[in-house]
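Read-outs: derived from the displayed coordinates by stated rules, not from any lab. Nothing here was measured: the structure is a model prediction, and the numbers come from that model. Quick reminder, even Gly has a Cβ in these numbers, built from the backbone with ideal geometry, and neighbours come from all protein chains shown.
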């Protein structure tokens, strides 16, 4: 009898552990701009927004409009996947019912949307980066307004982020450098980084004073004082064009970066030095990287033309994780 009781308890413990593991499982979102199957004059293969749970391995589910040029996405963490946005060639798409229905919320003035940022203090506020500058909605996409005062004459903007510690501070990466707004996009001023062609800007998840910028031709720059002073991060880097920078949320001194033919670079000392971690990568054009907040050894790398890759050992080894042949533009991971 005691043996039977012990076996029953062991089985219940296994079931409970499996249930807890499932409860902790993240959701991975990624966007596809185009695929290698594209033929001029023919219907494009399915593009747009895809999602999966890591346990689904190489299986991805499509949601939203089919055959759109999807550049980015934003997911409201408070709604657990019910409220999502797509940055697409024809504007900002929105769902508030978990993907059962979608609508385009923007007009012709705000097309070719490249990235999106939700205000963490007020999720009804959303920023959109476009080749025509920044657009902002204060009312959950009911209306959009242009917010370009102070930006360069050619305000091509590839990325926008909201400061985690102060939602009135918004950063944008432009052809003319990094710009800061201290009044929620009311006006902008150019920051001290005297480098053109900024492609991405990222903020340390634990230290809001630390900013990292990836550039088109000038490598990676880091500021540790909210953008007043910038230093080029060069040790171990042999490339100049970077489209993505990602922090490990659990250990922010661990960073990943990628860009044109770079593969994936990894830093274990907050950007002091870097090394390439490309074992298993069959496409080195990396446009986006994301670290799973529930399991920081799990990393996804979106490639331009090679699908999406996954590492389960913090970049030690990579394998193709689906969407083969696709130009995958963006990946993000939410812990629900």
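Odds and ends about this structure:
- Value of relative contact order over segment 279-336, rounded to a whole percent, pairs C-alpha under 8 Å and six or more apart: 36 percent
- Reduced Cα scattering model of the chain, Debye log10 I(q)/I(0), q = 0.16 Å⁻¹: -1.46
- Over 15 Å [Cα-Cα, segment 68-109], rounded percent: 38 percent
- Using a cutoff of 8 angstrom between alpha carbon atoms and counting only pairs six or more residues apart, the relative contact order for the chain works out to 13 percent.
- Size estimate for segment 208-336 follows the Kirkwood approach: the inverse of mean 1/r over distinct Cα pairs works out to 14.4 Å.
- Computed FRET value (nearest 0.05) for residue 111 with residue 251, which takes r as the C-beta separation and R₀ as 41 Å: 0.60
- Segment 58-128 has equivalent-ellipsoid semi-axes of 17, 17, 11 Å, by the square roots of 5 times the alpha carbon gyration tensor eigenvalues, sorted largest first.
- Residue order, fewest to most surrounding Cβ atoms within 10 angstrom, among 319, 199: 319, 199
- On full extension, the segment bounded by residue 225 and residue 313 gains 28.5 nm, given 0.36 nm per residue less the C-alpha separation.
- Highest-fluctuation residue, 289, 198, 68 considered, GNM on the chain with Cα pairs under 10 Å: 68
- Computed extension gain for residue 183 through residue 143, at 0.36 nm per residue and net of the alpha carbon distance, reaches 12.5 nm.
- As a proxy for reagent exposure, ranking 51, 156, 336, 135 by other Cβ atoms within 10 Å from fewest up yields 336, 156, 51, 135.
- Going from the fewest other Cβ atoms within 10 Å to the most, the residues 277, 113 appear in the order 277, 113.
- With Cα atoms, 0 to 90° folded angle of helix 2-23 axis to the chain main axis: 10 degrees
- Mean sequence separation of contacting Cα pairs (under 8 Å, at least six apart), scaled by the length of segment 226-319, corresponds to a relative contact order of 23 percent.
- Additional length obtainable on full extension of the chain from residue 55 to residue 296, 0.36 nm per residue less Cα span: 85.2 nm
- Debye-sum result for segment 33-160 in log10 I(q)/I(0), which assumes one identical scatterer on each alpha carbon, at q = 0.10, 0.14, 0.18 Å⁻¹: -0.33, -0.63, -0.98
- Distance from the C-alpha centroid of segment 151-203 to that of segment 61-77: 24 Å, rounded to the whole angstrom.
- Structure-based [θ]222 nm, the chain - -39500 (n - 2.57) summed over DSSP H runs of at least 4, per residue, nearest 500: -2500 deg cm²/dmol
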